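Asks: For reference, the structure I am asking about is given below.
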Amino acid sequence: MILTESFRLANGVEIPKLGLGTWFIANEEAAQAVVEAVKIGYRHIDTAQAYGNESGVGQGIKKCGVNREDLFITTKLAAEVKSYEEAVSSIDQSLETMGLEYLDLMIIHSPQPWTEFAEEDRFFEGNREAWRALEEAYQAGKLRAIGVSNFQKEDLENIFDHCTVKPMVNQILAHISNTPFDLIAYTQEQGVLVEAYSPIAHGELFKNQKVKTIAEKYGVSIPQLSIRYTLQLDLLPLPKTANPEHMKNNAEVDFTISDEDMKFLKNVEQIEDYGEASDMPVFTKKPK
């Protein structure tokens, strides 16, 4: 069962192969979402400073009835934090807000502040500064692993060229109809695990009849097909939901998509419009 399987990060730390994303889960609902997920068998919870629900997630960790060391908890350094001093303070703030002595993974949420996402300035120096703070927290035992999110090849190279500890994870937008194969290949070649956020395309895949037809062929839901697709690319999916039924459904992915169907899914026409979510930086179509 997928909930009992794990990837091994470059430093040897085991990370569960399926995580619960908590983006868009309100702080007051986050604790119960964590409790429900853990009851189903989830051991990997993903949050971020930007989500505004770290304290709720922390409460859920305490209430869930499972030992802290049996859980894998990720949070993200706010995208706007681009100095060493701010990063040191922010790392400690997350630990305090969540009521935890350590985090299993902390990552830089974006190479650029959200207001400048996809602009020309890649904030190379700021990212090196933030990374230095993460490295120090890692060496001090506050963080068991460190990584990045939304980093393109040039952003990764900037860190690789200056770091003493390589990123262990790059969390990116990846799903059927939007799979950045070149970035994934490069990242994996560097020994960095790729995590896939929004693996169900923020719900937009429900509108795709071709994807629906393939899901029906396997007798599974579109979310199950989407999650399985990312797993077969050796990505770690992070579907987000506060609904226990959806959590359970998302974890029931013990089937295999054929090579022929994987080839088709890899070439599904790219989503142009994410509906109401289109104004969010990560869903805004990048300029050519």
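Asks: Taking 0.36 nm per intervening residue step and subtracting the Cα-Cα distance, what contour gain separates Glu119 from Thr256 on full extension?
Replies: 45.4 nm is the gain from fully extending Glu119 to Thr256.
Asks: Right, next: If the only charges are +1 at each Lys and Arg Cβ and -1 at each Asp and Glu Cβ, what is the size of the charge dipole of the chain around the Cα centre, to the nearest 20 debye? Provide the component values of the computation, followed by the final result.
Replies: Values: 28 positive and 45 negative charges, 158 e Å.
I would put it at about 760 debye.
Asks: Taking 8 Å as the Cα distance limit and 6 or more residues as the minimum spacing, I'd like the relative contact order of the range 16-146 as a percentage.
Replies: Relative CO of the range 16-146 lands at 23 percent.
Asks: Rounded to the nearest 20 debye, what is the charge dipole size of the range 137-288 about its Cα centre when +1 sits on each Lys and Arg Cβ and -1 on each Asp and Glu Cβ? Each step should come with its number before you reach the end.
Replies: Values: 16 positive and 21 negative charges, 44 e Å.
It works out to roughly 220 debye.
Asks: Please tell me the relative contact order of the chain in percent, rounded to the nearest whole number, where contacts are Cα pairs under 8 Å and at least six residues apart.
Replies: Here the relative contact order equals 18 percent.
Asks: Now for a different question. Can you find, among Tyr186, Val88, Phe117, the residue farthest towards the positive end of the dipole of the chain? Put +1 on the C-beta of Lys and Arg, -1 on that of Asp and Glu.
Replies: Tyr186
Asks: Give me log10 I(q)/I(0) at q = 0.19, 0.21, 0.26 Å⁻¹ for the range 163-218, Debye formula, one equal scatterer per alpha-carbon, no solvent.
Replies: -0.73, -0.82, -1.00
Asks: Give the Rg/Rh ratio for the chain, taking Rg as the radius of gyration of the Cα atoms and Rh as the Kirkwood radius, to two decimals. Mind dumping the intermediate values first?
Replies: Details: Rg = 18.0 Å, Rh = 19.1 Å.
Using only Cα positions, Rg/Rh for the chain is 0.94.
Asks: Please tell me the relative contact order of the range 196-266 in percent, rounded to the nearest whole number, where contacts are Cα pairs under 8 Å and at least six residues apart.
Replies: Normalised by residue count, the contact order of the range 196-266 is 36 percent.
Asks: How compact and how long is the range 112-171, expressed as Rg and Dmax of its alpha-carbon atoms in Å?
Replies: 11.6, 35
Asks: Let me ask another. Calculate, for Glu245 and Thr4, the FRET efficiency according to 1/(1 + (r/R0)^6) with r their C-beta to C-beta distance and R0 25 Å; round to the nearest 0.05.
Replies: 0.75
Asks: Please work out the ratio of the alpha-carbon Rg of the range 85-194 to 2.2 N^0.38 Å and round it to two decimals.
Replies: That ratio works out to 1.06.
Asks: Most mobile of Ile107, Ile146, Ile222 per a Gaussian network model of the chain (Cα springs, under 10 Å)?
Replies: Maximum among the listed residues: Ile222.
Asks: Ok, one more. Over the chain, what is the percentage of antiparallel beta bridges among all DSSP beta bridges, to the nearest 5?
Replies: Of all bridge pairs located within the chain, approximately 15 percent are antiparallel.
Asks: Then there's this: Quote to one decimal, in nm, the extra length available between Asn267 and Tyr218 on full extension: 0.36 nm per residue of separation minus the C-alpha distance between them.
Replies: Values: separation 49, 0.36 × 49 = 17.64 nm, distance 1.87 nm.
Value of the extension gain: 15.8 nm.
Asks: From the P(r) of the range 3-112, could you give the percentage of C-alpha pairs in the tail past 23 Å?
Replies: In whole percent, the share of Cα-Cα pairs in the range 3-112 beyond 23 Å is 25.
Asks: Another question about this same structure. Taking Rh as the Kirkwood radius computed over C-alpha pairs, what is the Stokes-Einstein D of the range 249-288 at 25 °C in a medium of viscosity 0.890 mPa s, expressed in µm² per second?
Replies: It comes out at roughly 188 µm²/s.
Asks: Separate question: What Kirkwood Rh does the range 16-75 have if only Cα atoms enter the pairwise 1/r average? Answer in Å.
Replies: 11.0
Asks: Exposure proxy check: Ser55, Ser110 ranked by fewest other beta carbons within 10 Å?
Replies: Details: Ser55 17, Ser110 25.
Sorted ascending by nearby Cβ count, the order is Ser55, Ser110.
Asks: How are the C-alpha pair distances of the range 198-247 spread across 5 Å bins, as whole percents from the shortest bin up?
Replies: 4, 21, 29, 27, 16, 2
Asks: Enumerate by residue number the GluC sites (Glu not before Pro) in the range 1-81 meeting two conditions: DSSP loop (anything except H, G, I, E, B), and at most 14 other Cβ atoms within 10 Å of the site's Cβ.
Replies: The qualifying sites are Glu5.
Asks: With charges set only on the Cβ (+1 for Lys and Arg, -1 for Asp and Glu), what does the dipole of the range 1-79 come to about its Cα centre, in debye to the nearest 20? Write out the running numbers ahead of the final one.
Replies: Values: 8 positive and 9 negative charges, 25 e Å.
Roughly 120 debye, rounded to the nearest 20.
Asks: Can you give the calculated 222 nm mean residue ellipticity of the chain, where each DSSP H run of n ≥ 4 adds -39,500 (n - 2.57) and the sum is split over every residue, rounded to the nearest 500 deg cm²/dmol?
Replies: Theoretical 222 nm ellipticity from helices: -11500 deg cm²/dmol.
Asks: How far apart, in nm, are two points set 7 Å out from the Cα along the Cα-to-Cβ line at Asp279 and at Ser83?
Replies: My value for the distance between the label points is 3.1 nm.
Asks: For the range 182-288, what is the largest minus smallest coordinate of the Cα atoms on each principal axis, given in angstrom and ordered from greatest to least?
Replies: 38, 35, 27
Asks: Cα atoms only: what Rg and Dmax, in Å, come out for the range 132-203?
Replies: Using the Cα atoms of the range 132-203, the pair Rg, Dmax is 13.2, 41 Å.
Asks: I want to verify a result. In a Gaussian network model of the chain, Cα cutoff 10 Å, which of these has the top mean-square fluctuation: Gln112, Gln270, Gln224?
Replies: Looking only at Gln112, Gln270, Gln224, the biggest GNM fluctuation is shown by Gln270.
Every number here is computed from the coordinates shown, using simple stated rules; none is lab data. Because the structure is a prediction, the values reported are computed rather than measured. FYI the Cβ positions are ideal-geometry reconstructions off the backbone, even for glycines, and counts take in every protein chain you see.
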